[in-house]
Structures are given as C-alpha cells and as structure tokens.
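See structure below.
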Amino acid sequence: MPKDKYSLANRTIEGLVKLPMVRVNRKNFLKTQFKDDENLKGIIKNGPQAYYSANELRDMADVLIKDNVTKAASASVLAGLPSNPLIMLGTGAADIAQYFGLALRMAQQLAYLFGEDDLFNPKSHLNEVERGRLLGLLGGMFGVSGAASLIYLGSQKMAEPLGTKIAGKAMLEGVKHPMMKKVGSSVGHRISHQTLGQTVTKAVPLVGGVTSGVITYVTFKPMGQRLANLLADNLATQQASTNASNTKEL
C-alpha cells in the first residue's frame, strides 16, 4: 500500500471514474431523476436548484440515498465493476474498490441533484481541479475536516443558473494545493485503512465477489446523509444570499 495517501486517493478516483457503473452522466441522471417534471429542459440546462429550494432538494436526496443503498446491496449494481478491481486500482482488497466505487457514484448523484455543473471534462483523464471536487465530495461523505470548505469553493454561485454562474471548477483553480492535499490525504487514509477491509471481510462473507448489503446499509446511509446535509446547507446559504440581493435591487 503506497505511503502517500494523497496519491492513493487520486489514483483510486482516477481508476474508479473510468468504470461505467461509477461515473455518472449528469444529463442522463437529471433526465431520470426529473423525468416527469415540466421544467426538465430547464433543469438540465440550469440545474435543479433553479426550480427547487434547498429544503425540497434535501427531501429528494433522502429518496435518492435510500435508492442507492438498496441498489448497492444487490449484485446488479456491481456488475459494471471489473472481476478483479485491485489489478486496476491496486487498493489491496476487492471490497474496498467496490465500496469506494459505490460511494463515489452516490456522491456524484447528490452533487448533481443540488446543482453542480458537470464534474468531468470530455477528456479521459481527470485534471487537478476535477479530482479536487471529487475529493471534496468523498471527504464530505466521510466527515473529513476541510471537505466542507472544498465543496463550498467548488460550488460557488451554485444557486444561480449554469449559464450565468461562475463555474465551480473555475473557483477551485484558486484553491491552494495544501487544502486539497489535506482532504485527499484523509480520504486516502480511509481507503488504505486495513480495518475497513478486515471488518467487512470478517463480519460478512463475500458471495460472488459482492459484499453483503448489511455493511453497505449501515455505512452508506449516514455517509449519504452527511454529504446531503453539507450540500443542502451550502445551497440554502447561496439561495438566501441571492434572494437578499434581488430584494435590494427592487
């Protein structure tokens, strides 16, 4: 296991987002999530936050989290993972690769639900800013210190439509490397921590390479709620600020 936890976190994320079942397409996700909404086109263009309040989206997040936990407990969700993910990721345990792949998938969905723009560029490799945003989301799920600030900086002006806001990825270009490294190192420590693999392996037997949904439910639900709370609080603050500015202009 590499000693550099920051590099491990980056390498793991880089490998996982190449998998179809882990990487989330923003447009397709929003189409499915808001398929019956009359404002679907606007939601895809401007983001759900242009039509819903932070509280409304937080309620939707609970349904999304429950759906992710349910799917994560089934073998069908892991069908997109390679038969031996440690060959690609070098994480040291298949259950760890599966665990963090599912966590990253849910993190992306929650981010798009609360109005994040596309987390990826058309190129195959992630740039530093994109890795920083994903690290912030994972860090937020795990309660890592500094992750909330990284998420905030990556989603500045999120309450405004995508066409007029300053893109979160642009805001992150000004973030000092030490902040990303601190959060990334903590995420890497979580990935490399042998206790996770040992606990999962010893507590629940692996059937066909798939970890039982018991451990997934126990850990994923609070992780999703933690990130959803951060994103909702961040959006609520931005929406309140935007409303206050609009009131002053009247």
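Odds and ends about this structure:
- K18 falls short of the stated requirement of being free of Cβ contacts under 8 Å to residues at least 60 places away in the same chain and in a loop (DSSP other than H, G, I, E, B).
- Helices (runs of 4 or more DSSP H) fully within the range 106-190 that include at least 3 residues being at pLDDT 85 or above and crowded, with 22+ Cβ neighbours inside 10 Å: 128-142.
- Qualifying residue in the range 69-78 (condition: out of contact with any Leu (no Cβ under 8 Å at 6 or more places or on another chain), at pLDDT 60 or above, part of a helix (DSSP H, G or I) and crowded, with 20+ Cβ neighbours inside 10 Å): yes
- For the condition within 15 Å of the chain's Cα centre (by Cα) and modelled with pLDDT of 95 or more, A61 qualifies.
- Cβ separations smaller than 9 Å between residues 6+ apart or across chains give the following pairs from the range 221-250 residues that are over 11 Å from A54 (Cβ atoms) and assigned to a helix (DSSP H, G or I) to residues that are among the acidic types (D, E) and modelled with pLDDT of 90 or more: G224/D62; Q225/D62.
- Selected residue (criterion: modelled with the highest pLDDT) from residues of the range 207-218 that are surrounded by fewer than 20 Cβ atoms within 10 Å (Cβ to Cβ) and part of a helix (DSSP H, G or I): V218
The values are calculated or read from the model by the stated rules, or taken from the named source; none is laboratory data. Just so it is clear, the model here is predicted, and its values are computed rather than measured. Virtual Cβ from ideal backbone geometry, glycine too; neighbours counted across all protein chains shown.
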